[in-house]
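Please treat every number below as a calculation from the coordinates, not as lab data. As the structure is a prediction and not an experimental result, all values here were calculated from the model. In this analysis, Cβ positions are derived from the backbone assuming ideal geometry, glycine residues included, and neighbour counts consider all displayed protein chains.
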Amino acid sequence: MAKTKKVYIKKYLYPCLTGLAAGAANGLFGGGGGMVVVPMLSYLMKYNQKNSQATAILIILPLSVLSGILYAAFGSFDLGVGLPVGGGVIIGGIIGSFILPKISSKILKIIFSVLMLVAGVRLAIL
């Protein structure tokens, strides 16, 4: 019985919690789901770092599109800023997808952790 419960939690509960946290982050902050999804996939669901980051992108893409549509519908989207930033995101995403396989998971985890730390410190002092 205990083993069945653990399998249920890992297979159903953790993914649902991960999705809920990512959706809430995107809905509240207009982004940042990856900062939630990657650690949850890595630590809760035991994905390796590369799979966590690649899976996070696949999860966040439709979520971001939907959030963007909702922000635009409510008049909170600045086309003059959104289009250039969106273009940069597309180009950066393509470049990143080619670089990801060439970086070790350990280095990737360090880079991701440093970026999260820098972002957190920067937000805290603003």
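Condition check for Tyr47 on (1) assigned to a helix (DSSP H, G or I); (2) within 28 Å of Lys6 (Cα to Cα); (3) under 15 Å from the mean Cα position of the chain (by Cα): one failure, at (1).
Of all the listed residues (Ser97, Ser104, Ser42, Ser52), the sole one being more than 30 Å from Tyr8 (Cβ to Cβ) and within 18 Å of the chain's Cα centre (by Cα) is Ser97. Search segment 91-119 for residues that are among the charged types (D, E, K, R) and pair each with any residue that is part of a helix (DSSP H, G or I) and surrounded by 10 or more Cβ atoms within 10 Å (Cβ to Cβ) when their beta-carbon atoms are under 6 Å apart and the residues are at least 6 apart or on different chains. Hits for this filter: Lys109/Gln49. For the residues Val65, Val36, the requirement of being part of a helix (DSSP H, G or I), surrounded by 14 or more Cβ atoms within 10 Å (Cβ to Cβ) and of a type in the set (Val, Ile, Thr) singles out Val36.
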